[in-house]
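Structure first, commentary second.
The values are calculated or read from the model by the stated rules, or taken from the named source; none is laboratory data. Fair warning: this is a prediction, and the values are worked out from it, not measured in the lab. Cβ atoms come from the backbone with ideal geometry, glycine included; neighbour counts cover every protein chain shown. What goes into the accessible areas is simple: the full protein's heavy atoms, side chains included, and nothing from ligands, DNA or RNA. Shrake-Rupley method; radii C 1.70, N 1.55, O 1.52, S 1.80 Å.
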Amino acid sequence: SARSSQPKDASTSQCEEPKDSFGARAAIDAGVAALMNRRIPTTAPEVSQERKEEIQALARPGDVLMSADMAYPGWGRMEHWTLGSRYTHAALMGHDGAVYEAVGEGVTKTTLEQFLSGRKKIAVARTGMSEDGVRTAAQYAESQVGKPYDTAFDYSEEAGFYWSELVAKSLQAGQCP
């Protein structure tokens, strides 16, 4: 029999991923998230009052706040192995003084004081955006509040966000206000 030179119709593929929540991709995503979210007891100290005051004085609208929760070593190892980073989370300091971040509960708006609580290390990165850019970036982040956390890490859609995706897309929006 002669082979057809026509491309195979993707809708008739025998290997198509199931569309329900029992698909292999959903199971893998859930398994990886569960493994990485294992909380391990730690002796790392809480962020000191002095460090909180230092960051509060330093942080400006449009800054990226990077952190690593010392109680989740799985995320730290993954970040270091894959990206060479010592931080596992990023959030955006909004024009309104709020902190926008994508966490397990989804995209949230919180205070800087709340963001600084816990057993974590924190760094501040200045983006250098204009005031209009910062305002646009914060408006973008704020418009995403309430959307779910994206455990599939799918950058191509905006139905949900993972931590760095929210920051990257917010900053991108601020580049062209």
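Close contacts from the stretch 137-149, counting a first residue that is closer than 11 Å to residue 101 by Cα and a second that is part of a helix (DSSP H, G or I), with Cβ to Cβ under 7 Å and a gap of 6+ residues or different chains, come to 141/166; 141/170; 144/166. Against the criterion of being part of a loop (DSSP other than H, G, I, E, B), open to solvent by 60 Å² or more (accessible area, probe 1.4 Å) and either in contact with a Lys or Arg (Cβ under 8 Å, 6 or more places away or on another chain) or at pLDDT 65 or above (or both), residue 51 does not qualify.
Which count do you get for residues in the stretch 146-177 that are closer than 22 Å to residue 127 by Cα and open to solvent by 60 Å² or more (accessible area, probe 1.4 Å)? Of the residues in that region, 5 qualify. Given the structure, is residue 143 more than 13 Å from the chain's Cα centre (by Cα), of a type outside the set (Asp, Glu), surrounded by fewer than 20 Cβ atoms within 10 Å (Cβ to Cβ) and at pLDDT 95 or above? Spelling it out, residue 143 is indeed more than 13 Å from the chain's Cα centre (by Cα), of a type outside the set (Asp, Glu), surrounded by fewer than 20 Cβ atoms within 10 Å (Cβ to Cβ) and at pLDDT 95 or above.
Any residue at all in the stretch 80-98 that's among the β-branched types (Val, Ile, Thr), open to solvent by less than 40 Å² (accessible area, probe 1.4 Å) and at pLDDT 90 or above? The answer is no, given that none of the residues of the stretch 80-98 is among the β-branched types (Val, Ile, Thr), open to solvent by less than 40 Å² (accessible area, probe 1.4 Å) and at pLDDT 90 or above.
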